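Participant: Following this message is one structure expressed as structure tokens.
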Amino acid sequence: MNDFLRIITHARRFKSAIKELGVEQLEEIKLKLQKIIDDRIAEEAAAKIENAERIEKIRKYKELLAADGIDPLDLQEGSSAEKQSKRMPRQPKYEIWNEAGEHITWTGQGRMPNVFKARIDAGETLDTFLIDQ
């Protein structure tokens, strides 16, 4: 398809491609191409009319809403003003002090920190690191 467009949109390439065709064949191609162009023009005109009608309907509805004192934004149920706030971070459930004296906590969700993993592999249980609350 790309080659076709490259040929048909370039005058010399197009002329070279159709040089073996007769006048009758060229007239047939002309009629077919003209029909395609006319159809495309009609489709675009219909789309413009539909869009104009849609815009007019929207304008009428806005006028009706304004007459009743309703803001169009009030009709949107999932408006940005009603979005839920970001959830709070989860409190740590486990804690440990590593060899460097750093206090490391873990909520119990996501990947387990390597410090916890190493101590569990050494034989300790996860319950030994629970934070007393």
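The values are calculated or read from the model by the stated rules, or taken from the named source; none is laboratory data. Values in this document were obtained by computation on a predicted structure and should not be read as measured data. A quick note on method: Cβ atoms are made from the backbone with ideal geometry, for glycine too, and the neighbour counts reach across all protein chains shown.
Participant: Looking at Glu95, is it modelled with pLDDT of 90 or more, in contact with a Ser or Thr (Cβ under 9 Å, 6 or more places away or on another chain) and outside any loop (DSSP other than H, G, I, E, B)?
Facilitator: Yes: the conditions hold for Glu95.
Condition check ((1) part of a helix (DSSP H, G or I); (2) within 32 Å of the chain's Cα centre (by Cα)) across all residues:
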| position | (1), (2) |
| --- | --- |
| Leu21 | no, no |
| Lys30 | yes, no |
| Lys35 | yes, no |
| Asn51 | yes, yes |
| Tyr61 | yes, yes |
| Leu65 | yes, yes |
| Ile70 | no, yes |
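Participant: Within segment 15-30, restricting attention to residues that are among the aliphatic types (A, V, I, L, M) and surrounded by 10 or more Cβ atoms within 10 Å (Cβ to Cβ), which residue is nearest to Phe4 (Cα to Cα)?
Facilitator: Per the stated criteria, the residue is Ala17.
Here is a yes/no grid of residues against (1) under 30 Å from Thr125 (Cα atoms); (2) among the hydroxyl-bearing types (Ser, Thr, Tyr); (3) modelled with pLDDT of 95 or more:
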position: His10; (1), (2), (3): no, no, no
position: Lys15; (1), (2), (3): no, no, no
position: Gln25; (1), (2), (3): no, no, yes
position: Gln34; (1), (2), (3): no, no, yes
position: Arg40; (1), (2), (3): no, no, yes
position: Ala67; (1), (2), (3): no, no, no
position: Leu75; (1), (2), (3): no, no, no
position: Gly78; (1), (2), (3): no, no, no
position: Pro89; (1), (2), (3): yes, no, no
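Participant: Can you name every residue in segment 98-130 that is outside any helix (DSSP H, G or I) and among the acidic types (Asp, Glu)?
Facilitator: Pass one, segment 98-130, residues outside any helix (DSSP H, G or I): 98-113, 122-125, 130.
Passing the criteria: Glu99, Glu102, Glu124.
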